[in-house]
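Throughout, read-outs are computed from the coordinates displayed, never taken from laboratory work. Just so you know, these numbers come straight off a predicted model, no measurement behind them. Cβ coordinates were reconstructed from backbone atoms using ideal geometry, including for glycine residues, and neighbour counts include every protein chain displayed.
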């Protein structure tokens, strides 16, 4: 069996930075929400006695230290934290901060802000809170519905995307918007890390018979990465936890490509590789350079 490992395996910069700072904290800290959508990563944080994951800023007291997750938080919550006089460690992903800034500028310029993404995702909730005139769309239909029913005097719009949104779907939605001939400024704010992982699957799928994606079903970038694998690979498998995976389904596979979503720790990927070795003994491992 030949196993090809993605050159992008392991967490992205934003997740890695947030996780390392939290896991290595010497004093007591509180993390506002899940740092990233991956249960193995979250469990490692929960197992540390000096770390507490909370869901509401009401659980933060004066002089305590609170870590803001990679997805960011609502501007109202951020301002409330400032008023509480707490020590804030802001680990909002730099890519997410860019979209937050675009939304803030739209607010200052009194423009309408269209955010392409999942309305229930914490990243989208945090970004949209930064501009009162925000519209959230997630597909071509919702784009058509929005722009065909606009009754505002001003037609100046700024468009951006959730950083982990599907790039092909983003392009389709943008084309719909352009067809309405509004005065629109479009920012492609999809993270390069997510794009690189998806492009790699497209390229590798031509010479492997299976693609395995390690990720979480609660993670947007995981689901989009697996969607790409399903579209381009002959056979694709989604793995949340190596401990629960049935390796029998790989018995007749000769060339396997393994990649991971941006919220998966390197040690999780290495654990999966080790279990492949245990199950199949003879494997030829190669990493894409």
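Quick look at the values:
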| quantity | calculated |
| --- | --- |
| Computed over the range 164-220, Kirkwood Rh from alpha-carbon pairs, angstrom | 13.8 Å |
| Alpha-carbon gyration tensor eigenvalues x 5, square-rooted, for the range 95-186, Å | 18, 16, 11 |
| Bins of 5 Å, starting at 0 and running to the largest distance - Cα pair percent for the range 118-232 | 2, 10, 19, 21, 18, 12, 9, 5, 3, 1, 0 |
| Principal-axis tilt of helix 192-204 within the chain, Cα atoms, nearest 10 degrees | 40 degrees |
| Added length on full extension, which subtracts the Cα-Cα distance from 0.36 nm per residue, residue 273 to residue 132 | 46.0 nm |
| Average Cα contact separation per residue, the range 99-231, under 8 Å, 6 or more apart, as relative contact order % | 22 percent |
| Calculated FRET value between residue 104 and residue 183, using beta carbons and R₀ = 25 Å, to 0.05 | 0.80 |
| Spacing of the two label points (7 Å from each Cα toward its C-beta) at residue 280 and residue 79, in nm | 5.5 nm |
| Equivalent-ellipsoid semi-axes of the range 1-75, from the Cα gyration tensor, Å, largest first | 28, 13, 10 |
| Relative contact order, percent, the range 13-93 [alpha-carbon distance under 8 Å, six or more residues apart] | 34 percent |
| Angstrom value of the Kirkwood radius, inverse mean 1/r, which spans all Cα pairs in the chain | 20.5 Å |
| More than 23 angstrom apart: percent of Cα pairs within the range 157-289 | 39 percent |
| Where labels lie 7 Å past Cα in the beta-carbon direction, separation of residue 59 and residue 20 in nm | 2.7 nm |
| Scattering curve values for the range 208-273, log₁₀ I(q)/I(0), Debye with Cα scatterers, q = 0.13, 0.29 Å⁻¹ | -0.31, -1.41 |
| Residue 217-residue 144 pseudo-label distance in nm [points 7 Å out on the Cα-to-Cβ vector] | 3.2 nm |
| Gyration tensor (Cα) of the range 4-138, equivalent ellipsoid semi-axes in angstrom | 26, 21, 11 |
| Length-normalised contact order for the chain - Cα pairs under 8 Å, 6+ apart - percent | 24 percent |
| Highest-fluctuation residue, 259, 163, 268 considered, GNM on the chain with Cα pairs under 10 Å | 268 |
| Computed FRET value (nearest 0.05) for residue 49 with residue 252, which takes r as the C-beta separation and R₀ as 41 Å | 0.35 |
